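Take a look at the structure set out below.
The values are calculated or read from the model by the stated rules, or taken from the named source; none is laboratory data. All values derive from a computational prediction rather than experimental measurement. For neighbour counting, all protein chains shown are included, and Cβ atoms are generated from backbone atoms with ideal geometry for every residue, glycine included. SASA here: full protein model, heavy atoms, side chains in, ligands and nucleic acids out. Shrake-Rupley method; radii C 1.70, N 1.55, O 1.52, S 1.80 Å.
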Amino acid sequence: RWERSIEEWQRPILQDSALPSWYKSASFNELYFVGDGGTVWTELPEDSDVSGGLRSQDGGSARPAGRHQGEYRMYNTYDVHFYASFALIMLWPKLALSLQYDIGVFLLFFRKAGSVIQQDPTERLHLMSGRCSPVKAKNVDLNLKFVLQVYRDFHLTQDNTYLRDMWPICQAVMESELRFDLDGDGLIENSGYADQTAYCGGLWLASACVMCKMAQLLADEPSYRRYKDILERGSAAFDKLLWNGKSAHNSQYYNYDSSGRSLSNSVMSDQCAGQWFLRASGLGDGEFQAFPKDKILSALKSVFDLNVMSFAGGQMGAVNGMRPEGVPDRSSVQSDEVWIGVVYGLAATMIHEGMLQEGLRTAEGCYRTVWERLGMAFQTPEAYCEKGIYRSLAYMRPLSIWAMQWAIEASRNRGDGPDGNGGLTVQEEDG
């Protein structure tokens, strides 16, 4: 019976002639991590309530916790889960909501204790050695990733109870983030930390956008007006501070940061992460738009031309950081790495924006490198560099491959997916 169910689940993708064979392999085989990555399950009595009253409807007695990576004894590491969560919400949606409820419980607990929300809204929520351990750091992206996942999960499940339960937590999280907007321009500040850049600013704008949508759905007109104002002012500030429309190398994109330092105009592969989640949530246009479409397309084209095609002959995916003159940014250990999970998310963003061929070419470079050239099948690392040096085998983030499947399905619903409706064909390349 299990084998029959698995075959029925896999058949639509495996028999889809419009999809390349490497993609079919990647989409299913990257799921090895769910079983082999050290996932922990806890089971509670059916009548127990560990939510402190948060759950108005319990999601079941099973509680999953995904291990960060074999060498890191941390579970549900939220910045990594942000990418990997697509596999969970698409394949096991009740488990995904259960995990979000648990994170929400911790947020409420630390808020009452005067910690995570009110004093340091950027504490990392790790389950270390079987217990919750808040690690204080000024990483402003984590709370935003909670908000974005809340609405993305609602969009996929249409669970109104979940949306109502999470709304007050999202409001508290966003209020805490507003403390970083020191000049009142609607955009959180760059304070010298690596995640407070175009990447984090984009996540902030996307979060403000989904707050508008949630407020509309919940008939909270004052909140809608407030976050709409923040979104409009923040989008203007973001464009003014970070858009690079004057590159001497004919590339237009969002600068890495607004510091004005010598490397602040590096091209970051993940600069459109906020737009990625908006598109995955059915937003990004009209009333619920955070970024101009022409600039998103220009930025993605620059990333493809520079981070993908100008790196390793276009055969290894997208390097994290690239200089506009076409050489990798080597200012840090991570800037000249390729992060496989980030690349799959980038590819999904491209597909959402109608760049199907570019998205598939970008992701294929990672698959060929990991599964064929480096021989790391079923132990996909977090990162590798051009010379083939790798870091952190068997990592959670590459589960983001399922974000590509969601993007393909969404594009087909719009009529521009890889099924002939939009005149697009997928070209298989030789390995």
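Here the condition is being surrounded by fewer than 20 Cβ atoms within 10 Å (Cβ to Cβ), free of Cβ contacts under 8 Å to residues at least 12 places away in the same chain and more than 30 Å from Leu263 (Cα to Cα); of Arg330, Arg368, Arg414, Arg373, it holds for Arg414 alone. The single condition among (1) open to solvent by less than 60 Å² (accessible area, probe 1.4 Å); (2) closer than 30 Å to Thr161 by Cβ; (3) within 19 Å of the chain's Cα centre (by Cα) that Gln289 does not meet is (1). Just so you know, in the range 259-286 the residues that are open to solvent by 20 Å² or more (accessible area, probe 1.4 Å) and among the small types (Gly, Ala, Ser) include one that is nearest to Gly201 (Cα to Cα), and it is Ser259.
Close contacts from the range 23-36, counting a first residue that is more than 12 Å from Trp371 (Cα to Cα) and modelled with pLDDT of 95 or more and a second that is assigned to a helix (DSSP H, G or I) and open to solvent by less than 20 Å² (accessible area, probe 1.4 Å), with Cβ to Cβ under 6 Å and a gap of 6+ residues or different chains, come to Lys24/Ile13; Ser27/Ile401; Ser27/Gln405. What are the residues in the range 84-110 that are open to solvent by 20 Å² or more (accessible area, probe 1.4 Å), modelled with pLDDT of 85 or more and out of contact with any strand residue (DSSP E or B) (no Cβ under 6 Å at 6 or more places or on another chain), if any? Matches in the range 84-110: Leu88, Met90, Leu91, Trp92, Pro93, Lys94. Scanning the range 330-353 for residues that are in a helix (DSSP H, G or I) and aromatic (Phe, Trp, Tyr) yields a count of 1. As a summary of the residue check, Ile169 satisfies the conditions (1) buried (at least 21 other Cβ atoms within 10 Å of the Cβ); (2) aliphatic (A, V, I, L, M); (3) modelled with pLDDT of 95 or more except for the one numbered (3).
If you go through the range 190-214 and keep only what is open to solvent by less than 40 Å² (accessible area, probe 1.4 Å) and either touching a Lys or Arg at 6+ places or on another chain (Cβ under 6 Å) or at pLDDT below 90 (or both), you end up with Asp195, Gln196, Thr197, Cys212.
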